[in-house]
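Right, one structure below, let's go through it.
The values are calculated or read from the model by the stated rules, or taken from the named source; none is laboratory data. Everything numeric in this text was worked out from a predicted model, so none of it was measured. Note: ideal-geometry Cβ built from the backbone for every residue, glycine included; neighbour counts use all protein chains shown.
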Amino acid sequence: MTLADPQTRFMFHRMGSLAAASREKAWAATPDADALKARAIQARDRVLQDLPGHLARLEQAVRAQGITVVRANNAQEANRRIVSRLRELHAADALRNHHPLLDEIRVDEAARINNIRLTPLLLGDFLARLTDTHSGHPVWPIGHLTVERISEALRQHWRVPETYDPDRLASLVRMRLRRMLLRADVAVMGVNFAVVEDGLFVFLDNDGHNPSLLSLARHVILVLSIDQMVADLEGLQALMRVFALSAWGRPLPAYIAHLQQAAPPGVDGPQTLYLIIVDNRRSEIIAQGFGQALRCIHCGACHTTCPVYQQIGGEGYAHSPYTGPIGTVINPLLLKPELGAQQTFLCDAAGLCASACPLDIDFHGLRQAFRRRRAGQTRAGEDQRFIALWRYLIHAPRLFRPFWRRVTRHPNRSQPR
Amino acid sequence: MNASLLQTLLASFETVGVSWELAENPIAARLALLSYLSELGRKDIVAWDPEALPLSDLKSAMADVGMRLHAIQRGHLEPEGMVGLTGADAALADSGTLVFVQGAGRSWLPGLLPLHHVVLLPVRRIFPDLRSWYGAWHTTRPQDVSRALLVTGLSVNDDIELHAHHGLFGPGRMHVLVFEA
Ligand code: SF4
């Protein structure tokens, strides 16, 4: 299945238009929309402008609650910490939640190499792994798959009868996931937001996989990216509302779970908490003046408006979990330079992403700034020729794929740092 | 009790797919609960500790009609076909959100594992919105905020073709019994 396949391309377009319609409807019904966005931007910028200060206060608050806190400078270090903690807990099996940071550091791969089975509990992530394909969208990992394709995968892997009923398919997967959940002992969980003033961790979802994990797992490894902090509850409210409106087209997530410390005896909840705070180049990104890119809360709104993403899907973004317009500004900063630079060209200047982004990220300005910085490092005219070729290819998926394979052939190129 | 707050809450419940029933006092609420559960034909109910539920004498009232309240215990977790029964610590009128604070005898699980969740909500626990609830509790009950689960509507997953499938890791049906206490 490739994007040259018209059905897959149709599904990307379908996902985009359904998501955009529900998002627009929800925002239109929000009376304080502009003020809300302004508060959310303020909340993000407040943290990004003083990351070290917020980090120090959060660490202090969290340690005071008896939680072990460690820092990881990069993905390798984060994975080493996670794997060693899993080993300490003698966990051959563990569950994980849906979170872009866990995909960014490739924790599944790290666990597998170390003979630990780390299973994603979100239905979409689970099926993405089973079918070995990912839409690249932060909210709908398998939004590009048809029920026929999912049914075929389940039939092959589990020998279940063919069905094209989405409810029936969801129930089949649910039975497996639920069985694993009820046996859950250890969970690896990406944190949506950490509230600095309270040392409070917040998890958002609509199906309840986060609170279920937090109730049933006896040991939880929390993984937080340094930028996903928020100073106080005021900022948290704005960000949660903005996330729910832009990601799911609803005023609030169905489930907002708060967690501050390990459960006391006799109370459900994790007996141990272990927090890993991951930088993975974010401090560098801020120091270089690209901090605005980190305002992103991974709602996926920009993806669903982007004509390039809908043409090329998640495959064109150098195996990074950050795809679509935000991929074109974050990947150049996160990936190795030779691969990251190409990412800025995954744009045909439609400009729709900017109006969709609730955090008002200046995609165009950030890409221009990156190109300007890189211009000094490349031969004159090289980028311009590349832009022209790129613009042609992103509208020709049959040619794009082999081309992309060719430019990413270098074994080290697809590895995020 | 602010009647318009209550009306806003009930309207929000409908928006988020939660059914509700109003009772004038705890006695009427107990009767309404028993009749709702009898109509469902369920005898086994997984619930908070009876002491933690906001209606008194429920255990004996239920035993009188042949119903049994069970605590959720690790290793005996097959309550999917049962009904979950809990109180709610607060409700947010503008969004139809229910707040559940985890504590001894007050697990989140009866509201997550069964496919059907019944909630007991005293009217005095209604707040206008998220901001007012955070504002009030952050100063007076910070420990409770730190163990709170906020639930707005049913468990829904739309990963497959963006089709809304209800009841994945939480209930596909919720009923709130609101009563004057
Ligand atoms: S860049 Fe903006 S629209 Fe895109 S995922 Fe991030 S927050 Fe959402």
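Side notes on the structure shown:
- Here A:Gln368, A:Gln342 are screened, and the one residue that is more than 10 Å from the ligand (Cβ to nearest atom), assigned to a helix (DSSP H, G or I) and touching a residue at least 12 places away in the same chain (Cβ under 8 Å) is A:Gln342.
- Within segment B:162-181, considering residues that are out of contact with any Gly (no Cβ under 8 Å at 6 or more places or on another chain) and in a loop (DSSP other than H, G, I, E, B), the one farthest from the other protein chains (Cβ to nearest Cβ): B:Glu180
- Criterion: farther than 19 Å from B:Asn157 by Cα, modelled with pLDDT of 95 or more and not assigned by TED's automatic domain parsing to the domain that holds A:Gly314 - qualifying residue of A:Ile113, A:Ile150: A:Ile113
- Residue satisfying all of: in segment A:345-356; small (Gly, Ala, Ser) and within 16 Å of the ligand (Cβ to nearest atom); nearest to the other protein chains (Cβ to nearest Cβ) among these: A:Ala356
- Residue list for segment A:270-284, restricted to those being buried (at least 21 other Cβ atoms within 10 Å of the Cβ) and not in a strand (DSSP E or B): A:Pro270, A:Asn280, A:Arg282
- Within segment B:117-133, the set of residues being within 14 Å of chain A (Cβ to nearest Cβ) and crowded, with 20+ Cβ neighbours inside 10 Å comprises B:His117, B:Phe127, B:Leu130, B:Trp133.
- Flag if A:Thr305 is buried (at least 24 other Cβ atoms within 10 Å of the Cβ), of a type outside the set (D, E, K, R) and not assigned by TED's automatic domain parsing to the domain that holds A:Asp205: no
- Boolean, A:Tyr317 is in contact (Cβ under 8 Å) with a residue 60 or more places away in the chain and more than 22 Å from A:Pro358 (Cα to Cα): yes
- Residues located in segment A:42-89, provided they are more than 16 Å from A:Asp198 (Cβ to Cβ) and assigned to a strand (DSSP E or B): A:Thr68, A:Val70, A:Arg71, A:Ala72
- Sole residue being of a type outside the set (Phe, Trp, Tyr), touching a Pro at 6+ places or on another chain (Cβ under 6 Å), more than 30 Å from A:Leu89 (Cα to Cα) and crowded, with 23+ Cβ neighbours inside 10 Å, chosen from A:Gly327, A:Gly300: A:Gly300
- The sole residue among A:Pro161, A:Pro211, A:Pro166 that is over 18 Å from the mean Cα position of the chain (by Cα) and away from chain B (no Cβ under 13 Å) is A:Pro161.
- Some residue of segment B:12-23 being touching an Asp or Glu at 6+ places or on another chain (Cβ under 9 Å), surrounded by 15 or more Cβ atoms within 10 Å (Cβ to Cβ), at pLDDT 95 or above and within 14 Å of chain A (Cβ to nearest Cβ): yes
- Entirely in segment A:142-237, the helices (runs of 4 or more DSSP H) that have 2 or more residues that are of a type in the set (Asp, Glu): A:147-158
- Of all residues making up segment A:1-46, the number that are free of Cβ contacts under 8 Å to residues at least 60 places away in the same chain, more than 14 Å from chain B (Cβ to nearest Cβ) and under 17 Å from A:Gly136 (Cβ atoms): 1
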